[in-house]
Structure formats: structure tokens, C-alpha cells
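Data block below; observations after.
Just so it is clear, none of the values below were taken in a lab; they were calculated from the coordinates. No experiment lies behind these values; they were computed from the predicted model shown. Every residue, glycine as well, gets a Cβ built from its backbone with ideal geometry; the counts of neighbours run over all protein chains shown.
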Amino acid sequence: MDTVTIEAGARSPEVSFDFAANVYCLKGESYPEDVNEFYGELMDTLEKHLESLSEAVVKFTFEFVYFNSSTAKILMGLFELLDETASRGNTVEVIWAYQEDDDNMQELGEEFCEELSHASYTLAVVE
């Protein structure tokens, strides 16, 4: 599996995972009716792939306009996974993108990114 692309739905984000290039993006709104159904297999596949990496460069962009508490739990686990990947000698760059006037998303990005001790992160305003 080289890529996974899922168009944004009414309650789910756009997903763009390029496993060959190690470039990943979640974008939009995320409040799926069943968060485990939407993210479960996707996160399992990502975890297996990231665990197999050695001295790789990984770039993960988050560009949410809204997510619910169930998605927040998924994101916490994802940030842990990315940090673990970096702790094993991989270069992991996390980009948290948000709208300039979205103070809430900016604060959430700051909180999530503060948990990273091995991966680098950038808070970026979307133009």
C-alpha cells in the first residue's frame, strides 16, 4: 500500500497518506459517528509502517477546523506514535496548521505539540 486518499466527508476529514514518501495529512473536520470505524484500520496501518522505519524522514500535517473529543483521543495516540517514531532515530516533523483567526485551533496545536519531546513541530497559519 503506497497511498491512502479519502475525500473529506460531512463528518470526517480528508486523509492523504503517502507511505512511500512518508508524507501524511489530516485536514478538515473530524467528528465521525464511529471514530474507531473511521480511524481504526488507518491508524493500525500507519503504526505498522512507522514501526518499520529506520533513519527515515516523516512529515505529518494536521489542518483541522474542528474535531470532537473522540478524535482528540485518536490524535493524542497519533502524537505519541510520531514521537516514538522520532525517538528511534527517524526525523519526524509535525506541522499543525490553523486559520489565522482560529485561536482555539492554535491553542490545541500548542497543547498537542508540547507533548512532543523527540519530534520537531511547527505551528503554521494557513493563508
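The figures follow:
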| quantity | calculated |
| --- | --- |
| Sorted peptide list for 109-122, 82-95, criterion being average Cβ within 10 angstrom, highest first | 82-95, 109-122 |
| Farthest positive-ward along the stretch 45-127 dipole, Cα basis, beta-carbon charges - from 71, 87, 125 | 87 |
| Footprinting exposure proxy for 108, 123 (fewest neighbouring C-beta atoms within 10 Å first) | 123, 108 |
| Relative frequency of Cα-Cα separations exceeding 20 Å in the chain, percent | 40 |
| 5 angstrom amide H check on residue 65, placed H, neighbours 5+ away | 28, 29 |
